[in-house]
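A.B. asks: Attaching a single structure in C-alpha cells format; questions to follow.
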Amino acid sequence: MDFVSVIMGSKSDYEIMRHCLQALELFSIPYEVLISSAHRSPDRTKDYIKQAESKGAKVFICAAGMAAHLAGAVCAQTTKPVIGVPLSGGVLDGLDALLSTVQMPGGMPVACMAVGKAGALNAAYMAVQILAIGDKDLAEKLFADRAAKVVQIEQDSKSIEVRLPNRG
Ligand code: RP5
C-alpha cells in the first residue's frame, strides 16, 4: 500500500508534527510515524528507510531541530522525495535547523519547508501534492481545499472589513 512516512528526531518534536499528521488524515493519506534520529539512532534510521520502501513508502517527511541532519541522512538512503521540516527549540530558535535542512549538496535534494508549525503542515500538503500527480481523486481534493481557503478568507474579511466608497 502506498503511504507517507513521517519521521521525527525526538519525542519533543511531536507537538508540532501532529499538525502534519492531522493534515495527512484530512486527505485520508495512510502514513507511518516514528521517532528516529540521524545522530542518536543512525542504524535504526537507515534500517527503517529500507523497510519503509519495501512496504510502499512513496514520500518521506523528516522533522528535526537543532543540527537537523535527519532529512539529509534519509535522502542519502533513498531516491524517493524527502521533505524536511526544520523545527525551533535550540538557542538559535530554528535558524540552525533551517540551515542544516536547506543546505544540501548538489544532486542530493531535500525539499525544505518553513520552520515550525507552518512547515509541518506544508510538509503534509507537499506530500499530498506529490501523490496527487498520479491520482485524480486526490487532485480534486486539493482543488476543493484551495476553494475552501478562498471562502474562508472572504468570511474572515467580512467579519472585520472596513472599505471606503469607490471614487467617481
Ligand atoms: C533533534 O534535537 C530533535 O529533532 C529535536 O528537535 C532536538 C532536541 O531533541 P531533544 O533533546 O528534545 O530530544 O535531534
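Readers should treat all values here as calculations from the given coordinates under stated rules, not as data from a laboratory. The structure presented is a predicted model; accordingly, all values stated were derived computationally and were not measured. Here the Cβ is made from the backbone with ideal geometry for all residues, glycine too, and neighbour counts use every protein chain on show.
A.B. asks: Determine, at each q value in 0.11, 0.20, 0.21, 0.22 (inverse angstroms), the log₁₀ of I(q)/I(0) that the Debye formula gives when each Cα of region 1-121 is one equal point scatterer.
C.D. replies: So the normalised log intensities are -0.30, -1.06, -1.17, -1.28.
A.B. asks: Sticking with this structure for a sec: Once Lys and Arg get +1 and Asp and Glu get -1 on their Cβ, which of Pro105, Val91, Gln155 lies farthest toward the positive end of the dipole of region 59-161?
C.D. replies: Positive-end residue among those listed: Pro105.
A.B. asks: Then there is this: Dipole size in debye (nearest 20) for the chain around its Cα centre, Lys and Arg Cβ +1, Asp and Glu Cβ -1?
C.D. replies: The calculated dipole for the chain is roughly 140 debye.
A.B. asks: Which of the aspartates and glutamates could be linked to Lys50 by a straight reach, that is with a Cα gap under 16 Å, when you skip same-chain ones fewer than 8 residues away?
C.D. replies: Asp2, Glu32
A.B. asks: What's the FRET efficiency of Val151 with Gln22 using the Cβ-Cβ distance as r and R₀ = 25 Å, to the nearest 0.05? Write down the numbers at each step before the final one.
C.D. replies: Values: r = 20 Å, r/R0 = 0.81.
Between Val151 and Gln22 the formula returns 0.80.
A.B. asks: Additional query: GNM on the chain, C-alpha springs below 10 Å: top fluctuator among Ala148, Ala97, Ala120?
C.D. replies: Top of the fluctuation ranking is Ala148.
A.B. asks: Separate question: When the chain is treated as a GNM, springs tying every alpha-carbon pair under 10 Å, which of Gly56, Gly94, Gly116 comes out with the largest mean-square fluctuation?
C.D. replies: Looking only at Gly56, Gly94, Gly116, the biggest GNM fluctuation is shown by Gly56.
A.B. asks: In percent, how large is the relative contact order of the chain, given Cα pairs closer than 8 Å and 6 or more residues apart?
C.D. replies: 21 percent
A.B. asks: Loop only by DSSP, 13 or fewer other Cβ within 10 Å of the Cβ. Give me the trypsin sites (Lys or Arg not before Pro) in region 1-77 that pass, ordered by residue number. Don't skip to the answer; put the middle values down first.
C.D. replies: Working: sites: Lys11, Arg18, Arg40, Arg44, Lys46, Lys50, Lys55, Lys58; in loops: Arg40.
Those that pass, being in a loop and sparsely packed, are Arg40.
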